[in-house]
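Novice: Take a look at the following structure, please.
The values are calculated or read from the model by the stated rules, or taken from the named source; none is laboratory data. Since we're looking at a predicted model, the values are computed, not measured. Neighbour counts run over all protein chains shown; Cβ positions are idealised from the backbone, glycine included.
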Amino acid sequence: MRKISVWKRPRILILVLAAAGIFLTFQFFSLKALFYTQKRSSQASYVKENERMENFIEEFNDEDSMRIHPSEAHGVKHLSIVPRGVHIDDMHLYKAVQQGHHKTQKMFRCVKTENLLPYSWLNDDYCDCEDGSDEPGTAACPNGRFYCAQQLPDQTAVSLPSSRVNDGICDCCDGSDEWAGRAPPKSMRHKGKNIVLQAPCRNHCDTIAKISKENNQIRKLGKRLKTKYVQAAESLWDKEKYGPAGVFYKLSKSCFPHKALQYNFNVCPFQSVTQEHFPTERWTLGRKSSWKQKSHGQFLLEMSGGDAVNCPEGRPRQSLILFLCGINDRVVELREDQRCEYVIKFATPAAC
Ligand code: MAN
């Protein structure tokens, strides 16, 4: 049988090319439509939020009926209605701009770049403003900033890079940064205690406010007690060896026992730190003191030159004493973070 080649039949060739052309055009337009629906559908879950926002904005623009209610609950300020992720002091930047023939169209003006966009695009999980200001409440803009809904009193604004919104880690004490309530991916989940809080978050602002109130009281009382520590060093000629005005000198006259794991430690600031597991082990964890830091409210004393036996590369044991403000002198915590390196948290009025 004779073979029919399309190349020898131009009409067939034209038909094939035309069909291919129609197919490709069709594909192009359906892809474009798909892209658009995806952007909009990813916004669908935000529509409700934006409706709520629009109602709010309507009232917000009428200054007299502003619906922000800073209520005090256990000393914690709670702001009931502000756009997600916006700090109360920035609310004026989120006022809708009226546009259109009858001024019916509500627009948002990007904070720095000043571009106008429909108000409903605010917090719709799509970054429209180059300055990131249209997505304060989502992780859509890489350069945005998220402000926690609840701001603790006496504290500067608590905020975080908006890329951390809905990442599964509770950064805000009220959990407002994890509003989707999604736990982090399995591989990143932690078990046990003493670790970051994971979504779904609970509100622990009250506890934090209480702790910070207690800390303030401790600091106040500690500062009063501190005068005794300064007096104790008055006649010293080498005061600076013991911190500002020799305030830590008093501690150099005492030792502070502490039990951790199987060991009995004895912390004698500026003199020595020892570790004992009776009757087999007795080691010195540092005997020569030098300040690593003694300013800006941070006091870190290094005790070096301890015993080197059984330590990696024969390095001598050493201890770091971190002095914290407290109302009496005591070892709060003693850890061996790395083999033969010890960190001691020590509370004292001298550090207040
Ligand atoms: C002793 C103690 C420990 C230390 C080991 C290092 O057992 O000082 O704290 O980790 O020696 O081998």
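Novice: Could you check, for the range 60-80, whether at least one of its residues is modelled with pLDDT under 90, on the phi < 0 side of the Ramachandran plot, buried (at least 17 other Cβ atoms within 10 Å of the Cβ) and not in a strand (DSSP E or B)?
Specialist: So far as the range 60-80 goes, yes, one or more of its residues are modelled with pLDDT under 90, on the phi < 0 side of the Ramachandran plot, buried (at least 17 other Cβ atoms within 10 Å of the Cβ) and not in a strand (DSSP E or B).
Novice: Taking only pairs six or more apart or across chains, which ones have beta-carbon atoms under 8 Å, a first residue in the range 290-313 that is closer than 16 Å to Gly246 by Cα and modelled with pLDDT of 95 or more, and a second residue that is loosely packed, with under 13 Cβ neighbours inside 10 Å and among the basic types (Lys, Arg)?
Specialist: As it stands, the answer is Leu300/Lys292; Leu301/Lys292, since those pairs meet every condition given.
Novice: If the requirement is being within 16 Å of the ligand (Cβ to nearest atom), modelled with pLDDT under 95, among the hydroxyl-bearing types (Ser, Thr, Tyr) and over 37 Å from the mean Cα position of the chain (by Cα), which of these qualifies: Thr284, Thr280?
Specialist: Thr280
Novice: Could you grab me the full set of residues in the range 91-114 that are modelled with pLDDT of 95 or more and part of a loop (DSSP other than H, G, I, E, B)?
Specialist: Cys110, Val111, Lys112, Thr113, Glu114, listed by residue number.
Novice: Moving on. Mind listing whichever residues of the range 249-259 are within 16 Å of the ligand (Cβ to nearest atom) and without any contact (Cβ under 8 Å) to a residue 40 or more places away in the chain?
Specialist: Passing the criteria: only Lys259.
Novice: Would you mind telling me which numbered condition in (1) loosely packed, with under 13 Cβ neighbours inside 10 Å; (2) away from the ligand (no atom under 16 Å from the Cβ) Pro312 fails?
Specialist: It fails just one condition, (2).
Novice: Then there's this: Looking for whichever is assigned to a strand (DSSP E or B), within 10 Å of the ligand (Cβ to nearest atom), closer than 17 Å to Phe346 by Cβ and not aliphatic (A, V, I, L, M) here; the options are Gln275, Gln293. Which one fits?
Specialist: Unique residue meeting the criteria: Gln275.
Novice: Cβ contacts < 6 Å: first residue in the same structural domain as Tyr126 (by TED's automatic domain parsing) and in contact (Cβ under 8 Å) with a residue 40 or more places away in the chain, restricted to the range 157-175; second residue hydroxyl-bearing (Ser, Thr, Tyr) and outside any strand (DSSP E or B), any location; separation 6+ or different chain. Result?
Specialist: Once the first residue is in the same structural domain as Tyr126 (by TED's automatic domain parsing) and in contact (Cβ under 8 Å) with a residue 40 or more places away in the chain and sits in the range 157-175, its partners that are hydroxyl-bearing (Ser, Thr, Tyr) and outside any strand (DSSP E or B) give Val165/Thr138.
Novice: Given the condition in a strand (DSSP E or B), modelled with pLDDT under 95, more than 25 Å from Val230 (Cα to Cα) and under 26 Å from the mean Cα position of the chain (by Cα), answer yes or no: does some residue in the range 325-337 qualify? Walk me through it before giving the result.
Specialist: Applying the first criterion (in a strand (DSSP E or B)) to the range 325-337 yields 325, 330-337.
Right, trim to modelled with pLDDT under 95 and you get 337.
Subset that is more than 25 Å from Val230 (Cα to Cα): 337.
Restricting the remaining residues to those that are under 26 Å from the mean Cα position of the chain (by Cα) gives 337.
Taking every residue of the range 325-337 in turn, at least one turns out to be in a strand (DSSP E or B), modelled with pLDDT under 95, more than 25 Å from Val230 (Cα to Cα) and under 26 Å from the mean Cα position of the chain (by Cα).
Novice: So in the range 326-340, with the set limited to residues that are surrounded by 17 or more Cβ atoms within 10 Å (Cβ to Cβ) and over 20 Å from Lys253 (Cβ atoms), which one is nearest to the ligand (Cβ to nearest atom)?
Specialist: Cys340
Novice: While we're here: Within the range 260-272, restricting attention to residues that are outside any loop (DSSP other than H, G, I, E, B) and either within 14 Å of the ligand (Cβ to nearest atom) or over 35 Å from the mean Cα position of the chain (by Cα) (or both), which residue is farthest from Asp307 (Cα to Cα)? Write out each step before concluding.
Specialist: Taking the range 260-272 and keeping what is outside any loop (DSSP other than H, G, I, E, B), we get 260, 263-268, 272.
Now narrow it down to the ones that are either within 14 Å of the ligand (Cβ to nearest atom) or over 35 Å from the mean Cα position of the chain (by Cα) (or both): 260, 263-266, 268, 272.
Details: Ala260: 19, Tyr263: 16, Asn264: 16, Phe265: 14, Asn266: 15, Cys268: 16, Ser272: 11 Å.
Among them, the one singled out is Ala260.
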